[in-house]
1. Sorted from largest down, give the three principal axis spans of the alpha carbons of the range 234-297, whole angstrom values.
2. Determine, from the Cβ-Cβ distance of Arg337 and Asn33 and an R0 of 25 Å, the FRET efficiency 1/(1 + (r/R0)^6), rounded to the nearest 0.05.
3. Around Ile171, with a cut-off of 11 angstrom between Cβ atoms, what is the net charge of the other residues, counting Lys and Arg +1 and Asp and Glu -1?
4. Rounded to the nearest percent, how much of the accessible area of the chain (1.4 Å probe, protein heavy atoms only) is carbon and sulfur?
5. In debye, nearest 20, what is the charge dipole magnitude of the range 113-240 about its Cα centre with +1 on Lys and Arg Cβ and -1 on Asp and Glu Cβ, if you could check?
6. With a 1.4 Å probe and all protein chains left in place, how much accessible area per residue does the chain have, in Å²?
7. Rounding to the nearest 10 and keeping the result within 0 to 90°, find how far the Cα-based axis of helix 191-206 lies from the longest principal axis of the chain.
8. Using modelled backbone amide H atoms (1.01 Å from N, in-plane), which distant-in-sequence or interchain residues come within less than 5 Å of Ile97's amide H?
Amino acid sequence: MAKKKGSVVYKCSNCSYTQPAWLGRCPECGEWNSLEECILDPNAARSVSKPDGTSAQAKPVPMSAVQLQPDSRISTGNEEFDRVLGGGATKRSAILIGGEPGIGKSTLLLQVSAALLAGGTVLYVSGEESAGQIKGRALRLGLNVGSMEILCTARLEDILAALDSISPDVIMIDSIQTVYSAEAGLVPGTVSQLKYCGNELISWVKERESVLFMTAHVTKDGTIAGPKSLEHMVDTVLSFERTSDEVRFLRAQKNRFGSVDELGLFEMDKTGLKSVADPSALFITRRESATPAGVACASVFEGSRIFIVEIQALTVPSKTSVNRVYSEKIDSARVSRVAAVLEKRLGIKFSDQDLYVNVAGGAKLSESAIDAALAAALYSARTDLPLPEKSVVIGEISLAGEVRPVTKQRQRVKAARELGFSKCIAPEKDEGAESVSSVKELIKALFASRQSAPLSQKKRTSP
């Protein structure tokens, strides 16, 4: 018997409203030119069933009857990846990984797939590459993926049929933007497609002891392309960032089963992504000569690890009547605020200078503990006086010019000492640290022996 042909309808890509005729404006949400032609395929409609094939109505249960699952996490075989996930991937969860093209999302999924094959069945779904291309990459990386199931399709119904047939422990979707269903339209990547396909895949995983990994494209602004509702639907949202051709950062923007403060560091080479053995080596410039002016080191707490990062500052006379701040790795508003505090409390002028601020290694810094190091770098760049060798600065700066305490100061000082820093400036007195309470004391502790004249008598750089 021939299959019944589906009827053609027009569905809004923004709110999924459907009607039989095309309109320029959606009657439901008011969006213009959002109605797209799609086919209601009766053979594609399905409901997520339980593993035993039954489909029972969900009913509430008492919280006292709920049993915990202590062994619900599985290791991905990558120490840095497990760290960002909070100790490994959680069963019955969906993980979304976003990053720019070529950053290594597919490579990471393939390496994780190879590591997880020993513990269960892995289904790798690719809507962008052929099976031959994926196998060729696996051979180049030296991965043993002979027992991995691979499916090269973008049709949601084919993916769900394979899931029901194989019942894999781990599902890799590369990428979710390529998956489409006739129920949500004929064009992949639309808002309606991402909502519908993402919900179907996540619903399947929630009913089984499986883990779902999905990659996603990003926009020019660095955010994951598509609707924000896709990020709300998944349990974990990870962001891949690139600082150079080799170094990658992996951060958690959302994590229901762990902290979002952890940072994963990877290096890309011919064998794929590898965990960075010495993270501090990425952020501190190894010099044979003396440290130049405008450079200060700060102790930064990222998740459960402490890094020593190098903040670099440069001041040049402004060519216009309004000074400008160029800073990508540190918020430009923070740079302007710290410079204003120095100008008010110390009398050194920054308002006629263009400020350039950078972080060695390309790490983005947002915590307030870097304020004191930023102030030291700006003062050093403005006066052309370098900081003492092997010195690290810790502390938050208030608008009143106070150096305020920060969390985990003792651990920060200890980490700096272990890395060979002999001079530590901190807001609170601690073993191995010199305490200061204001920016005046901070500058005096760092530059008193290097100033040839009092600060008020120093000549300002002429434009």
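The values are calculated or read from the model by the stated rules, or taken from the named source; none is laboratory data. Please read all numbers here as calculations on a predicted model, not as lab measurements. So basically every Cβ, Gly included, is an ideal-geometry build from the backbone, and we count neighbours across all protein chains shown. Surface areas here come from the heavy atoms of the whole protein model, side chains and all, with no ligands, DNA or RNA. Shrake-Rupley method; radii C 1.70, N 1.55, O 1.52, S 1.80 Å.
1. Over the range 234-297, Cα extents along the principal axes are 49, 30, 17 Å.
2. So the FRET efficiency works out to roughly 0.05.
3. Local charge sum for Ile171: -2.
4. Roughly 50 percent of what the probe reaches on the chain is carbon or sulfur.
5. Taking the Cα centre of the range 113-240 as origin, the dipole is about 360 debye.
6. Result: 49 Å² of accessible area for each residue.
7. The angle comes out at about 80 degrees.
8. Placed amide hydrogens put Met214, Thr215, Ala216, Leu238 under 5 Å from Ile97.
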